[in-house]
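Data first, discussion second: the structure below is written as structure tokens.
The values are calculated or read from the model by the stated rules, or taken from the named source; none is laboratory data. Values in this document were obtained by computation on a predicted structure and should not be read as measured data. Positions of Cβ are generated from backbone atoms using ideal geometry, with glycine treated the same way; all protein chains shown enter the neighbour counts.
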Amino acid sequence: MWLIMRGMLLAIETSQRNSSVAVGTLSLEAQLGDFLSESIDTSDRQKEDILPAIERLCARAQVTREHIGALALNAGPGGFSGLRIAHAAAQVIGEAWSIPIVQISAAVVAREAAVVSELIVPEQSVWVALASKSDGCWMAKVLNSRDGNDVPQQMGVRDLNDWPLQTGDALITDEHLPERWRAKALECGNSIIALQPTAQAVWRVACRLLSRGHHVSPEHILPVYPREAEAVRLWRERHGTN
């Protein structure tokens, strides 16, 4: 059981190209002015900028490791490399600083970012579609967060014949959504909202989850991938294993 005594929360968002880190007050009453964020340089894939970005951020905020009581990150689905690097960094920081980790579904982060940007109202539920491949997408429904629903529902990979949205539902998705899916959404009267996850959204959700005691130790965090890795699938097919 973790006893969180320090008052700042560090948040990491690397699931998409526009990545960032944020640090802010660990409180449900925290306002937007109670946090600072720093962009992560993703222009050079050979350069790992998460830890340097955290150092820059903490220097700006005049925050030291002794101030930070927990770390939160987008667990995925998302970019393979970005998620792996973020989870590795979170494990190192969590173990070195003896702080718990909050893993948040990419679907929940997507919805929270849309609320922050005032693209949807806080009471609104949404569907999120990510990780498009061929004619399938990983999808999840996220309910009204004011009722404590920060866990996505009905998660899974769907094809177009398994369209779950009702007329008027909002769909948050990225630019990789198949054109047939986009046409279906428009045909059904579903509004399409661009996916724009931020470390600020991670921070906001994590404050709620921590208030309810939702966190894990660093050694137990793993990225969430929508499908079995291709290498694993091929291995099973060749060797007949389950």
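Some observations on this one:
- When segment 44-84 is filtered for residues that are surrounded by 20 or more Cβ atoms within 10 Å (Cβ to Cβ) and within 11 Å of SER15 (Cβ to Cβ), the ones remaining, listed by number, are LEU73, ASN74, ALA75, GLY76, PRO77, GLY78, GLY82, LEU83.
- From the list GLU123, GLU66, GLU112, GLU95, the lone residue that is assigned to a helix (DSSP H, G or I) and either in the same structural domain as TRP181 (by TED's automatic domain parsing) or closer than 22 Å to ALA185 by Cβ (or both) is GLU112.
- Within segment 69-92, the set of residues being in a strand (DSSP E or B), within 13 Å of the chain's Cα centre (by Cα), of a type in the set (Gly, Ala, Ser) and at negative phi comprises ALA72, ALA75.
- Boolean, ASP41 is surrounded by fewer than 18 Cβ atoms within 10 Å (Cβ to Cβ) and not assigned by TED's automatic domain parsing to the domain that holds GLU13: no
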